Amino acid sequence: MAKKESGSRVRDALRAGPRLPDPGATPVGPVKKAKGEEKLAGAGRRLSALQEALYAEGADGHGRSVLLVLQGMDTSGKGGTVGHVLGLVNPMGVEYTAFKKPTPAERRHDFLWRVRRRLPGPGLIGVFDRSHYEDILVPRVSGLLTAEERRRRYAQINAFERELAEGGTTVVKVFLHISPEEQLERLEARLRRPEKRWKFDPSDLEARRHWSAYQQAYADVLAETSPEGAPWYVVPADRKWYRNWAVAELLIETLAELAPRFPEPAYDLEEVEAELAALKGVGVAG
């Protein structure tokens, strides 16, 4: 992917195309860690202001919402992205869900059932750490879905996301693209550090053995479920600082386009200000 000019929109630069960028690339924005971390701090202030307006807009139970979908191979940084990016905003306005292997109760329902139960309400930013896309990726690599069943699920997901858009939820789908070399380093680091060993799951090694199959499955997902209204963005994830900056900017551009507004007060401002002024110097009864 060619380098964009500094004024180009991040969404344009990172939108999924026919070829994936190098996982260590910096297709748009900062190219050095120090600059990236500096820009993330500024992005945090902008993101926080936009999120506050979105939250205020939905305070009466109406208004729009945003759903951030994070997908990627193990260690690509889904959890880290949540901490570094969504940690920049008021947690009251964020709803986080980490989807694990479906439970027996969840398996008795359609694969979108548990996802619908975790959609963000008005004024909120919802975050899916893994998502409904796992119900294509994992069974495909495991050989549990036929080509026809995959096509059916692609269609179901596209229809589901159109429904979300029509209901006021903007979906931001991000594939965190990591290289197998970087993943190996991160897996080894988890084992070396006692405080990180709890994050290591031996099943991650099984997924790594099927790396090529997962890469093809992701390529097909990006191609089949990236309509104009809910495109995929591919964020190179070998550089954690770049990953964090890029996801923050994707959210900022999305929210800026939504342009949330603080609602007008339901009371007479001048009347309340006059009443407050009259209370100055008045003692408060015990």
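The values are calculated or read from the model by the stated rules, or taken from the named source; none is laboratory data. What you see is a predicted model; the values in this text were computed from it and never measured. Neighbour counts are summed over all protein chains in view; Cβ atoms, including those assigned to glycine, are modelled from backbone coordinates with ideal geometry. Calculation scope for accessible area: heavy atoms of the full protein, side chains included, ligands and nucleic acids excluded. Shrake-Rupley method; radii C 1.70, N 1.55, O 1.52, S 1.80 Å.
What to note about this one:
- Residue-normalised accessible area of the chain, given per residue in Å² at a 1.4 Å probe: 54
- All-pairs Cα distance distribution in segment 16-72, expressed in whole percent, bin size 10 Å: 17, 29, 34, 17, 2
- Length available on full extension from A34 to A49: 0.36 nm per residue minus the Cα-Cα distance, which gives 3.0 nm.
- List L176, L40, ordered by accessible area with a 1.4 Å probe, largest first: L40, L176
- Value of Rg/Rh across segment 30-159 [Cα atoms, Kirkwood radius]: 1.04
- Separation of alpha-carbon centers, segment 57-132 and segment 167-205, rounded to whole Å: 17
- DSSP beta bridge pairing in the chain, given as percent antiparallel to the nearest 5: 5
- Under the convention that each Lys and Arg Cβ holds +1 and each Asp and Glu Cβ holds -1, the size of the dipole of the chain around its Cα centre is about 1420 debye.
- Compactness of the chain is given as radius of gyration and Dmax, 21.5, 76 Å, from Cα positions.
- Cα lying deepest toward the dipole's positive end in the chain, options L164, V82, S48, charges on Cβ: V82
- For the chain, the mean residue ellipticity at 222 nm estimated from helices alone is -14500 deg cm²/dmol, where every DSSP H run of n ≥ 4 contributes -39500 (n - 2.57) and the total is divided by all residues, rounded to the nearest 500.
- Here the Debye sum runs over all C-alpha atoms of segment 149-257 as equal scatterers in vacuum, and log10 of I(q)/I(0) at q = 0.20, 0.22 Å⁻¹ comes out as -1.16, -1.22.
- Restricting the calculation to Cα atoms, segment 46-94 yields a radius of gyration followed by a Dmax of 12.7, 39 Å.
- The chain, accessible surface, carbon-and-sulfur percent (1.4 angstrom probe): 52
- Pairs of Cα atoms nearer than 8 Å and 6+ residues apart set the relative contact order; for segment 54-125 it is 63 percent.
- Diffusion constant of segment 137-185 at 37 °C, which comes from Stokes-Einstein with the Kirkwood Cα-pair radius and 0.692 mPa s, µm²/s: 244
- Computed with the Debye formula from one identical point scatterer per Cα of segment 201-286, without solvent, the log10 of I(q)/I(0) at q = 0.13, 0.15, 0.19 Å⁻¹ comes to -0.73, -0.85, -1.10.
- Anisotropy class of segment 96-174 from Cα gyration tensor, a/c 1.5 cut: prolate
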